[in-house]
Amino acid sequence: MKLSSKDILRTIGAKVHDHPDGWLNVLGAIIGAITAIGAVLFSRGLMRAEHWTEHLQGEMAWWMLPAIPMIGALLTGLLVYRFAREAGGHGVPQVLDAIVRKGGKIPARIGFVKVVASICTVGTGGSAGAEGPIVQIGAVTGSVVARWLGVPRRHIGTLVGCGAAAGISSIFNAPIAGVFFALEILLRDFSLKTFTPIVIASVFATAMTQVILGDNDAIFYMELPDYVFSVLELPSYIVLGVLCAFGAWTFTMVLERGEDVFDKMRLHPVLKPVLGALMLGVLGIFGMWAFAAMPGNEILGSEHSSIPAFFGNGYSVITHLVAPTSYLDGQVVWGAIGVLAFLVVAKILATTFTLASGGSGGVFAPGLFTGAAIGGVFGIVLDKAGLIAEGSSPASYALVGMAAVIAGTTFAPMTAILILFEITREPHVLAPIMLAAIVSTAMTRKLMPDSIYTAKLRRAGVRIGTNRDMSLLRHVPVSSVDHAPLPPEPVYASDPLSKLITLHAHHNVPDFPVVDADGKYIGMVTGADMRTALIDREAIPLLLVAELMRSDFPVIKPDEHLDTVMEKFARHEISSLVLVDGFAGEKPLALVTRVKVMARYNAVLDEG
């Protein structure tokens, strides 16, 4: 009997259900290969659009600089508004939202719209990067494959993570960073069952990309063969980590405020990106004039460019900033510090105008750009002051700054460390990268509660949990939860129900623990059961507490932790449980309410 394509898909889906470990690995490989093809097509399309834009800008008058970004923004606005609202912005928050609230289900149209919209935005000069679009493309691939095969809901998130990891691996030629991006930022799950298929997807994506492109080059390859990290440099890199933390905080806050401003504007959604592009163009005109007037602009390597240095993804400027040859003796003047400082501010504003208004692109490349500029400024200052180590270069500080800003904005230091190593292939600066990334992450977590990816979701009421939730809760004692007091007098099984009604009216007690003659807990009368009894008011004088008392509810001991308390609440539809003194024969001490437990749970997540 010949099987139809639907039958084949159902058969594979059933095998995934019955044998998830092996089949998830197979699907990870397939998703990785498909995503790699999409990533190559996207990057080629983006490259062609950038070349077209640069050619046109070179033939246009300076005052026409905003025109091409505005055309790209208009196309982006139309695409997003008409076909996929989720394709606007920087992509990763939408993927996180799909994983948390929608079981990983992402419509296929979002991927197609995201590709074209991002090319229209970034390719025409919009200040954004490629990682947001490619993460969304990969996530859509994983989600669509999972739904076609009827993969159980609990595994869809893993396949979405496979696609995201494959996208990062392909676009940055960074397979290890791709894995950690998916695990540390999206899924927040490092279990072996999740780790294995994501690694396979990342490896297959990298291999497929290298076969298609025919090379294995790092994006920002650099060499510091004479550099040896010295303990004397520890203070310098710690200070750089702190500076980058403030840079990451500023970047995130400005982007967040910009989103709020554009959201409140009474302007058609299609026109908002156009307004953002106009603001970007005006900033570009000012920037071109400022750079031309400032000494030291050769540090950007783009003094003759027709496009401002902070337009687009900025890869050419980053390449120049992390090249040691850009900082040769006598080549860099003090004015270069002002140029790079201005560039930091301009890039943050340019990215805000582009993405907060509804343009499509990612924040990873702007973060790398900002970090390279901050690190370059700091490195030049050290060099001019004679405090830079022998064999070192301001280029090494630019590289470390890239990792520190990415770690600070994403709260993902492992991803930042690994991606900087893979996109530069420079091992000599790995230790400083690790130090600055950790310092930056620790600082920014003190400065702001959410990363650049989760801030908007938090404002929308979406809380991003982690696989660490239960391990965190296992260390939180129930004593840290605010308790509700017991009724002012004990309740016995032989008491009339009218006594509870009176106590509830005067003391607003939600539930009533019942004790025996020795004061030991024997059961509970819930507020829900009391409300049911009130329906027949004539019977109330005849009812006793014993007739409504339930003895099937668990109790909470003082030495328990929140993980077990939440499990008990999950098994029973009740608003409170009784905290008993296990050392005194289970005498009631207080009431622990579901509301207070959830409040403490949320506080623990924020702290963790």
- Note on the structure: Residue pairs within 9 Å by beta carbon, gap of at least six or interchain, first lying in the range 235-259 and among the small types (Gly, Ala, Ser), second not in a helix (DSSP H, G or I), listed first then second, are Ser236/Leu387; Ser236/Ile388; Ser236/Ala389; Ala248/Met448; Ala248/Ile452; Gly258/Ser357
- Within the range 182-205, considering residues that are of a type outside the set (A, V, I, L, M, F, W, C) and surrounded by 24 or more Cβ atoms within 10 Å (Cβ to Cβ), the one farthest from Gly163 (Cα to Cα): Pro197
- Unique residue being assigned by TED's automatic domain parsing to the domain that holds Gly123, under 27 Å from the mean Cα position of the chain (by Cα) and of a type in the set (D, E, K, R) when the list is Arg85, Arg48: Arg85
- Item | Residue in the range 378-434 that is surrounded by the most Cβ atoms within 10 Å (Cβ to Cβ), counting only those that are within 21 Å of the chain's Cα centre (by Cα) and within 15 Å of Tyr221 (Cβ to Cβ) | Met402
- Those helices (runs of 4 or more DSSP H) lying entirely in the range 89-195 with at least 2 residues touching a residue at least 60 places away in the same chain (Cβ under 8 Å), within 24 Å of Met70 (Cα to Cα) and more than 16 Å from the chain's Cα centre (by Cα): 108-122
- Filtered residue count, the range 553-574, keeping only those that are at pLDDT 85 or above and under 22 Å from Ile501 (Cα atoms): 1
- Restricting attention to the range 519-544, report how many residues are at negative phi, part of a loop (DSSP other than H, G, I, E, B) and touching a residue at least 24 places away in the same chain (Cβ under 8 Å). 4
- If a residue has to be over 12 Å from Ala404 (Cα atoms) and either within 18 Å of the chain's Cα centre (by Cα) or not in a helix (DSSP H, G or I) (or both) to count, how many in the range 365-377 make the cut? 2
- Message: Going residue by residue through the range 523-537, is there one that turns out to be crowded, with 16+ Cβ neighbours inside 10 Å, in contact with a strand residue (DSSP E or B) (Cβ under 7 Å, 6 or more places away or on another chain), in the same structural domain as Arg594 (by TED's automatic domain parsing) and over 20 Å from Arg594 (Cβ atoms)?
- Response: no
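With the structure loaded, tell me whether Pro197 is in the same structural domain as Asn25 (by TED's automatic domain parsing) and closer than 18 Å to Glu426 by Cα or whether it fails that test. Walk me through how you get there before you give the answer.
Details: in the same structural domain as Asn25 (by TED's automatic domain parsing): yes; closer than 18 Å to Glu426 by Cα: no.
So Pro197 fails the test.
The values are calculated or read from the model by the stated rules, or taken from the named source; none is laboratory data. Because the structure is predicted, anything quoted here is derived from the model rather than measured. Methodologically, a virtual Cβ is constructed for each residue, glycine included, from the backbone with ideal geometry; neighbour enumeration extends over all protein chains shown.
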